[in-house]
Amino acid sequence: MGDRVYNFSAGPSMLPIEVLKSTASSMLDYEGSGMSVMEMSHRSKPYEKIIKDAETNLRKLMDIPDDYDVLFLQGGATLQFSAIPLNLLTSGGKADYLVTGSWADKAYKEATKFGDIKVIASSKDANYTYIPKVSKEDIRPDADYVHVTNNNTIYGTRIPYVPDTGDIPLVSDFSSSILSEKIDVSKYGLIYAGAQKNIGPAGMTIVIIKKELVGKAPASVPTYLDYKIHADNGSMYNTPPAWCIYVAGEVFKLLLAKGGVEAMEKLNREKAAKLYDYIDGSSLYTAVAREEDRSLMNVVFITGNEELDKTFVAEAKEEGLVQLNGHRSIGGMRASIYNAMPMEGVDKLLDFMKRFEEKYD
Ligand SMILES: *Cc1c(COP(=O)(O)O)cnc(C)c1O
C-alpha cells in the first residue's frame, strides 16, 4: 500500500484501494471518451450507463424490491432531516422519533419545524450508550412515520432489532451502516444514507423510498426537496452528484465481486469481534456502548484517563493508524471500521493496542 495509512476516521473514510486505483486510472480518459467522468455531461451516453449501472448494482446488493425508488441526491443526510418531514408529514402532521444520539437528535429537532413531533424514547440520560427498547404501544397510532437512526456513529451503538411499527412507515438513517450487513428493505418505508462513510466520496445521499410514499408532498415544498421530482427524473432533474455516483458505482461493483453484503457482514462481524473481545479482556481499555447494542462500524473505547487517551491517539498516528480520536463531543477513542477497512488494518490496530497496554497499564 506504499505510504498509505490505515484511516479509522468516522467519515469521510477509507475507500477500497481497488476503487481508488480504477477511478484514478480513468481520470484523464474514461473508457475512450477522452475525458474524466468529472468533466462529462450527465446527459451523455456513457454517463447514462454509469448512473443506471450504479442503481442496478445497489438494487442487487441490497435486494431492493421493485416497489421502491432509489434516488441519488445532494445535501447530505442532513438535508434529509428536512426532506423527510416535508414529504411524509401528510395526513395528521405527526411523527415519532427514537433519539439515540446527536444525529438522531438533529433529525428530531429539524422535524419539529414542520409538525407535531414526539420523542418516543431517548438514551440521552446515559449519554447515548444504549438503545432504548420501543414497541408498537409507544408509537402514536396516527403518526405519519417513525424515525430511527440505525447506527449511531458518534457513540458506537446500533439498533439490534427492526422496530415493529405496524402499518406506520419506518424511516431509518443508515449513513454509517448502509451495506455493512444484510437488511430487509421491505421492513422500511424510507432508508437514507450519506455516501461518505460506507460508500464513496462526500456529496451524495442515497434515498431508498417505497413508491407509495412518493408524491405526497404539499405544493409548498421546495422543488428540490420533493422526492417525486427526483423519482420521475431518475435522479437527473438537475445535475446529479455525477462523480460521486460514479465512484459509488465502482464500490458497488467491487462489493458484488467480493460476495455482496453477506460477505461484507461476515468480515465486519469478525473485525468488530476481534476488537471488542480484546477490549473486554483488557484491564486498560473499556468499550463504552452497552454490549448488546454495540456498533459493527464504530468501536468506541476509553482508557479512563483523558491524557492517556490523547497519548494513545498520538502514538497510533506515528504508526500510520490515524483518526482514532473519539468525536469531539465525547473524547476517548473511536475506531471506525467500515467495509473498506481491511482486516490487516484491524490486526495492526490490535497489535498497537496490546503494546500500548503493556507499556502504560
Ligand atoms: C455523518 C452522519 C450524518 C450527517 O451526514 P451529512 O452527510 O454530513 O449530512 C447523519 N447521520 C448519521 C448517522 C451520520 O453518521
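Just a few scattered comments:
- Selection from region 143-158 of residues that are under 18 Å from Ile209 (Cα atoms), near the ligand (Cβ under 10 Å from one of its atoms) and either open to solvent by less than 10 Å² (accessible area, probe 1.4 Å) or out of contact with any Lys or Arg (no Cβ under 8 Å at 6 or more places or on another chain) (or both): Thr149
- Condition met for Gln80 (open to solvent by 20 Å² or more (accessible area, probe 1.4 Å), within 13 Å of the ligand (Cβ to nearest atom) and at pLDDT 95 or above): no
- Test: residue in region 262-269 that is farther than 15 Å from Met341 by Cβ and either of a type in the set (Asp, Glu) or assigned to a helix (DSSP H, G or I) (or both): yes
- Contact map, region 74-85: first residue in the same structural domain as Thr149 (by TED's automatic domain parsing), second residue of a type in the set (Gly, Ala, Ser) and near the ligand (Cβ under 10 Å from one of its atoms), Cβ cut-off under 7 Å, separation 6 or more or different chains; pairs are Gln74/Gly203; Gly76/Gly194; Ala77/Ser175; Ala77/Ala193; Ala77/Gly194; Phe81/Ala107.
- Figure legend. Inter-residue proximity from region 200-224: first residues closer than 15 Å to Leu88 by Cα, second residues of a type in the set (S, T, N, Q) and away from the ligand (no atom under 16 Å from the Cβ), beta-carbon distance below 6 Å, spacing 6+ or different chains. Indicated pairs: Lys216/Thr90; Ala217/Asn87.
- Filter pass, Val251 being closer than 23 Å to Ala193 by Cβ and either open to solvent by 30 Å² or more (accessible area, probe 1.4 Å) or under 22 Å from the mean Cα position of the chain (by Cα) (or both): yes
- Residues of region 241-255 include none that is of a type in the set (D, E, K, R) and in the same structural domain as Pro342 (by TED's automatic domain parsing).
- Against the conditions (1) away from the ligand (no atom under 16 Å from the Cβ); (2) within 19 Å of Gly11 (Cβ to Cβ), Ala263 satisfies every one except (2).
- Conditions (1) open to solvent by 50 Å² or more (accessible area, probe 1.4 Å); (2) out of contact with any Lys or Arg (no Cβ under 9 Å at 6 or more places or on another chain); (3) modelled with pLDDT of 95 or more: number failed by Ala219: (3)
- Condition check for Tyr246: of a type in the set (Ser, Thr, Tyr), more than 30 Å from Asp53 (Cα to Cα), in contact (Cβ under 8 Å) with a residue 60 or more places away in the chain and in a helix (DSSP H, G or I): no
- Top-ranked residue in region 265-289 [being open to solvent by less than 30 Å² (accessible area, probe 1.4 Å) and either polar (S, T, N, Q) or more than 16 Å from Arg355 (Cα to Cα) (or both); ranked as farthest from the chain's Cα centre (by Cα)]: Ser282
- Single condition Glu292 does not satisfy, out of (1) open to solvent by 20 Å² or more (accessible area, probe 1.4 Å); (2) touching an Asp or Glu at 6+ places or on another chain (Cβ under 9 Å); (3) not β-branched (Val, Ile, Thr): (2)
- Residue among Ser235, Ser172, Ser186, Ser177 that is assigned by TED's automatic domain parsing to the domain that holds Ile84, out of contact with any helix residue (DSSP H, G or I) (no Cβ under 6 Å at 6 or more places or on another chain) and surrounded by fewer than 17 Cβ atoms within 10 Å (Cβ to Cβ): Ser186
The values are calculated or read from the model by the stated rules, or taken from the named source; none is laboratory data. What you are looking at is a predicted structure, and each value in this text was computed from that prediction instead of being measured. Cβ sites come from the backbone with ideal geometry, for glycine too, and all protein chains shown count toward neighbours. All accessible areas refer to the heavy atoms of the entire protein, side chains included, with ligands and DNA or RNA removed. Shrake-Rupley method; radii C 1.70, N 1.55, O 1.52, S 1.80 Å.
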